[in-house]
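Read through the structure below, which is laid out as structure tokens, and then see the notes.
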Protein chains: 2
Amino acid sequence: MNSKKGIQRFPTPRHNHATCVNTAMHQAEDYCNRTGVRLTQLRRRVLELVWSSHRPVGAYDLLEQLEPKGRKAAPPTVYRSLDFLLEHKLIHRIDSLNAFIGCNQPGHEHDAQFFICKACGEAAELIDPKVERALVKDANQLGFNIEKQTVEIAGLCNRCHQGRKK
Amino acid sequence: MNSKKGIQRFPTPRHNHATCVNTAMHQAEDYCNRTGVRLTQLRRRVLELVWSSHRPVGAYDLLEQLEPKGRKAAPPTVYRSLDFLLEHKLIHRIDSLNAFIGCNQPGHEHDAQFFICKACGEAAELIDPKVERALVKDANQLGFNIEKQTVEIAGLCNRCHQGRKK
DNA sequence: AGAACAATGTAATATCATAACATTACTCAA
DNA sequence: TTGAGTAATGTTATGATATTACATTGTTCT
């Protein structure tokens, strides 16, 4: 599922998701060990929850899952962990959904493109240098200095599109 | 400032903004007359407020400006007008800012790219077929059916970038 | 004039996010 | 090992954005 170039196909129901989670958690641990930042229990737990699917997930959804029984955590609890994970590029924020999704190239500075299915909610992360190049060229012509790209494509994945045709 | 291809340069302080507003309002009127939808007082007022600058503006900012004296309007008032203007492609929503900006190709179905200066807040709307083509190609490879593109580039415009170098 | 529908007003509430300050946990030098 | 300094988390309150539901007003068309 993971590769240097990001997910190349849409996540399928058949894929072994445990592998995705494992890879992500190990990469996060490696990154934190290498750079000397702390992947605390809470941060690890939030990262696991984000990685529980390939669907962008909202902060308050995560919050509910954090304390399934009894007293519940307050918003800053989850937002601080999300901020940490964002800062270290372990997750991405999907602005068009106010939601968060695991990153495929953790700890590595990059701007990605997201293809997000409106029906099943799953998302694929791509890094297409052509998109990047075209945007950089446009920016140059405008005299604009890019800091961050937000490229989020909404639509229907193949499965859901087929399903609707019936 | 306006053209068939969208703003090609960043809005400058020197440009005659009254022309931008005039053009936008006339295009909106034409569109509504042609298609038989109603550009009511309220909707016109909201559109004018959105066009009062080239900066994306928040719904609550608009709301405040709607009733400068005395009783103030409630959120649905402005959101309904914004929904109408969005539906008819007279404005765009900038997801990364939760804000709204006038559209340069009103009433015309298109996906644009936005370059938004973090310092001065001004934004330029471009339509670069290369970006579109690259994304469509990626989508095809994923078996993905695009419905809507969100391409929002944050950074510094030339003016603000120069200013910071000093 | 009045029926049908579109637009707007109003009150309440949902959803997403941060500020400010208190408490706990960790690190590291002495 | 201890305690001072810092990092992380807990807690309460509030800010910012957006929607639901229902009442009222305005427009259109016979």
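The values are calculated or read from the model by the stated rules, or taken from the named source; none is laboratory data. Remember, predicted model here, so these are calculated numbers, not experimental data. Every residue, glycine among them, receives a Cβ derived from its backbone with ideal geometry; neighbour counts consider all protein chains shown. These accessible areas exclude ligands, DNA and RNA; they are computed on the full protein's heavy atoms, side chains included. Shrake-Rupley method; radii C 1.70, N 1.55, O 1.52, S 1.80 Å.
Numbers at a glance
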read-out: Residue that is open to solvent by 30 Å² or more (accessible area, probe 1.4 Å) and more than 20 Å from A:Val136 (Cβ to Cβ), where the choices are B:Asn158, B:Asn98; value: B:Asn98
read-out: Among (1) open to solvent by less than 20 Å² (accessible area, probe 1.4 Å); (2) in contact with a Phe, Trp or Tyr (Cβ under 9 Å, 6 or more places away or on another chain), the one test that B:His92 misses; value: (1)
read-out: Residue in the stretch A:100-111 that is within 13 Å of DNA strand C (Cβ to nearest atom) and in contact with a helix residue (DSSP H, G or I) (Cβ under 8 Å, 6 or more places away or on another chain) present; value: yes
read-out: Those residues of the stretch B:38-63 which are more than 10 Å from DNA strand C (Cβ to nearest atom) and farther than 17 Å from B:Leu97 by Cβ, in sequence order; value: B:Leu47, B:Glu48
read-out: Count of the stretch A:114-159 residues which are among the charged types (D, E, K, R) and under 15 Å from A:Ile94 (Cβ atoms); value: 5
read-out: Test: A:Arg34 is of a type in the set (Lys, Arg), out of contact with any Pro (no Cβ under 9 Å at 6 or more places or on another chain) and crowded, with 18+ Cβ neighbours inside 10 Å; value: no
read-out: Selection from the stretch A:131-150 of residues that are outside any helix (DSSP H, G or I) and either within 21 Å of the chain's Cα centre (by Cα) or farther than 15 Å from B:Arg159 by Cβ (or both); value: A:Ile146, A:Glu147, A:Lys148, A:Gln149, A:Thr150
read-out: Subset of the stretch B:38-83 (residues that are within 15 Å of the chain's Cα centre (by Cα), more than 12 Å from DNA strand D (Cβ to nearest atom) and either within 14 Å of chain A (Cβ to nearest Cβ) or of a type in the set (A, V, I, L, M, F, W, C) (or both)); value: B:Val46, B:Leu47, B:Leu49, B:Val50, B:Trp51, B:His54
read-out: Count of the stretch B:101-118 residues which are surrounded by 18 or more Cβ atoms within 10 Å (Cβ to Cβ) and more than 17 Å from B:Leu82 (Cα to Cα); value: 6
read-out: From the options A:Leu97, A:Leu66, A:Leu42, residue that is of a type outside the set (S, T, N, Q) and under 28 Å from B:Ala154 (Cβ atoms); value: A:Leu97
read-out: Residues of the stretch A:37-56 classified as farther than 17 Å from A:Glu87 by Cβ and either in a helix (DSSP H, G or I) or open to solvent by 20 Å² or more (accessible area, probe 1.4 Å) (or both), total; value: 8
read-out: Options A:His108, A:His92; residue that is part of a strand (DSSP E or B), more than 9 Å from every other protein chain (Cβ to nearest Cβ) and within 30 Å of B:Arg164 (Cα to Cα); value: A:His92
read-out: Index of the failed condition, A:Thr35 passing every other in (1) farther than 28 Å from B:Ser96 by Cα; (2) within 14 Å of DNA strand D (Cβ to nearest atom); (3) without any contact (Cβ under 8 Å) to a residue 40 or more places away in the chain; (4) among the polar types (S, T, N, Q); value: (3)
read-out: Members of the stretch A:119-141 that are facing chain B (nearest Cβ under 7 Å), farther than 23 Å from B:Pro11 by Cα and surrounded by 18 or more Cβ atoms within 10 Å (Cβ to Cβ); value: A:Ala124, A:Leu126, A:Asp128, A:Val131
read-out: Tabulated pairs, the stretch B:142-160, first more than 7 Å from chain A (Cβ to nearest Cβ), second modelled with pLDDT of 95 or more and surrounded by fewer than 20 Cβ atoms within 10 Å (Cβ to Cβ), C-beta under 6 angstrom, 6+ apart or interchain; value: B:Cys160/B:Ala119; B:Cys160/B:Cys120
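For (1) open to solvent by 30 Å² or more (accessible area, probe 1.4 Å); (2) small (Gly, Ala, Ser), each residue gets a yes or a no:
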| site | (1), (2) |
| --- | --- |
| A:Ala73 | no, yes |
| A:Leu82 | no, no |
| A:Leu85 | no, no |
| A:Glu147 | yes, no |
